[in-house]
């Protein structure tokens, strides 16, 4: 029973390395928890026992790291407390898929030719490659990579723009697997410790990221009106009092202290409660809402807002995929300049994961949203010439997708705006976890990220991972700042080549290990041949 208790506790410890209900996380708990779980799975020999251990580890991680899920299901899903916790537990097995991959590794490792268990060093290296590959390949709505915990040292992570978070996951797993033999009173894998020490040391030698002397800047105001989900839903359903409350909040904050010299004003995800139809606006059949034209006239700034865009191919009364979750940019003359429609929809929140059955389900589940998914990758260009792209909500957590938005944009964006609605989760750790993971995109693509939220946390993330002033959960205020940008946007190595640099590193190291092994066994083979003669 002790071995299973260790599996459960290791999951909880791992969750405490992330932002949690106590603080921003204890980084040192990460390798301890991971090594503990590696030891558990090495000591258990039966597949059934290993599966149970992984389930317990995932449950511990879920109970501590995602404790906010049951409360959300109760408040907005109407589930009773017992049922909400049960549904939350069903999510546990999919939170960290690397461990399921590790079970496969352990099952087949000893069945293969002696290639993969020649030495502790080779076992640690190839195991780290396998675990990192599992993290990258298997999709996760809320990604959990071993390398994410390096974000506690964000200002040092200069290699993120070369290999992304996967590079840091690989060295984390390599270090953990290299040290794991110590738990069984065996010497560690020296190659893993040397390589990981060199990797850490490299960060002290490489220069930190600096903005070029030739730069441009943008005066930005981000509005956080603290519109909770109940008020938000009431306004979207047409309740006059709720509509007036929501619109008044955004108007008042947008015009706070008679703003001057603003270039861009930003409202968060789905802030505007009424649907618009961009095809009709662009065709001149309809005009942008009066509220935006009035605010633009009074501030002289352009306005980016999150809202709903009607799909012109479907009737207004249809409940199924007639609306897009979208971002609209209105120019200095009140005109609609550009729109982005969200691509990645959240299962059970914005759609259902049942493909062709969704149409039928939309008639049976009127309370569930069935959004249409966008496909275009536009660039928003301000009147001053600065450009940006707008991944919405959890899209910012998907590194390949953000790279796609940047690479496929007609004009290479200077910065990123992330419109988000975290009001579902209240004053829990979720908004801080969301922000924590979003920082990786700033490092990987060396672009600032302006984070605009309904209820918090609104802030700006700089290209070196630093975070500016924050509007925390529950605050109702504006965030004003001057955003400095390089004169010309550039691709990072990771943006241009993705996983290729890491794959190249793996290939070179694999060749080195195999050559080293081959050189060691050749003399013994020759000696054995002489003995037979």
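The values are calculated or read from the model by the stated rules, or taken from the named source; none is laboratory data. These numbers come from a predicted model, not from an experiment. Neighbour counts are summed over all protein chains in view; Cβ atoms, including those assigned to glycine, are modelled from backbone coordinates with ideal geometry.
Numbers below:
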| quantity | calculated |
| --- | --- |
| Residue list for the stretch 130-150, restricted to those being outside any helix (DSSP H, G or I), free of Cβ contacts under 8 Å to residues at least 40 places away in the same chain and surrounded by fewer than 18 Cβ atoms within 10 Å (Cβ to Cβ) | 139 |
| Single match in 116, 79, 112 (criterion: out of contact with any helix residue (DSSP H, G or I) (no Cβ under 9 Å at 6 or more places or on another chain) and at pLDDT below 80) | 112 |
| Failed condition for residue 185, given (1) in contact (Cβ under 8 Å) with a residue 24 or more places away in the chain; (2) more than 30 Å from residue 465 (Cβ to Cβ); (3) not assigned by TED's automatic domain parsing to the domain that holds residue 470 | (1) |
| Selection within the stretch 267-291 - more than 31 Å from the chain's Cα centre (by Cα), buried (at least 16 other Cβ atoms within 10 Å of the Cβ) and outside any loop (DSSP other than H, G, I, E, B) | 281, 291 |
| Unique residue being out of contact with any helix residue (DSSP H, G or I) (no Cβ under 9 Å at 6 or more places or on another chain), assigned to a loop (DSSP other than H, G, I, E, B) and in contact (Cβ under 8 Å) with a residue 12 or more places away in the chain when the list is 256, 216 | 256 |
| Strands (runs of 3 or more DSSP E) wholly inside the stretch 404-519 containing at least 1 residues that are under 20 Å from the mean Cα position of the chain (by Cα) and at pLDDT 95 or above | 415-420, 449-453, 459-461 |
